[in-house]
Amino acid sequence: MNKYTVAVLVRNQFGVLNRVTSMFRRRQFNIIALTVSETESNDYSRITVVFAGDEVNKDQLINQLYKLPDVCSIRELNQAESVSCELMLIKMANKPESREEILTAAKAFDAKTVDYSREAMIFSLTADSTRIDEFINLMRDFTILEICRTGSVSLEKGGITIRQVTNL
């Protein structure tokens, strides 16, 4: 099964996110990551969806998304032609026997310490999904208390924007 990233520019209106994600559900795609925010204009929101599926069904899904009245533009993003990252917060148990190893690993991954107490340390890491997965796997040797990830945000490289091809 392939993994795809699609950016969907939509009118910033009540219920649009539900209609877009319902399309994924009806087509039986597993959404791996989902981020939504207003764009440079508060009239529009950008939905970035990372999902798993096959090529034929993905193409059908995109065609169906274009039929939704509030969808303005859709861009499929690939690794070579876009920049993607996500934010993760990870809370680790602060035990004297593992503290130095955890701090060394965090430094090696450029994770920032955003909270430190006797009981726990919280690190923030902004990176691509693969790098974040690698950091989490390394931290599994210690006591992870909580993890929170934002999901992927992606922009196409160069001067191309999602608003250049619209369905308005």
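Among the GluC sites (Glu not before Pro) found in the stretch 72-158, those both in a DSSP coil and sparsely packed, with 13 or fewer other Cβ atoms within 10 Å of their Cβ, are 97, 119. The phi torsions of the stretch 68-79, fed into the Karplus equation with coefficients 6.51, -1.76 and 1.60 and a -60° offset, translate into couplings of 6, x, 8, 7, 9, 7, 9, 10, 7, 10, 10, 4 Hz, rounded to whole numbers, with Gly and Pro shown as x.
Entry note, the chain: relative contact order of 28 percent, from Cα contacts under 8 Å with a spacing of 6+ residues. Think of it as helices only: each DSSP H run of n ≥ 4 in the chain is worth -39500 (n - 2.57), and spread over all residues that comes to -8000 deg cm²/dmol at 222 nm.
Going by the alpha-carbon gyration tensor, a ≥ b ≥ c the square roots of its eigenvalues, is the stretch 1-65 rounded (a/c under 1.5) or, if a/c is not under 1.5, prolate (a/b greater than b/c) versus oblate? Spell out each step's value before the answer.
Details: a/c = 2.23, a/b = 1.85, b/c = 1.20.
The shape class here is prolate.
Counting only protein heavy atoms and a 1.4 Å probe, the chain has 59 square angstrom of accessible area per residue. Close amide H contacts of residue 87 (hydrogens built in the peptide plane, cut-off under 5 Å, sequence separation of 5 or more or a different chain): 150, 151.
For the stretch 44-140, the carbon plus sulfur part of the accessible surface works out to 49%, probe radius 1.4 Å. Here the scattering of the stretch 11-168 is modelled by Debye summation over its C-alpha atoms, one equal scatterer each and no solvent; at q = 0.13, 0.15, 0.18 Å⁻¹ the log10 of I(q)/I(0) is -0.73, -0.88, -1.07.
The values are calculated or read from the model by the stated rules, or taken from the named source; none is laboratory data. All values derive from a computational prediction rather than experimental measurement. Ideal geometry is used to build each Cβ from the backbone, glycine not excepted, and the neighbour counts take in all protein chains shown. The protein model used for the area step is the full one, side chains on, heavy atoms only, and it has no ligands, DNA or RNA in it. Shrake-Rupley method; radii C 1.70, N 1.55, O 1.52, S 1.80 Å.
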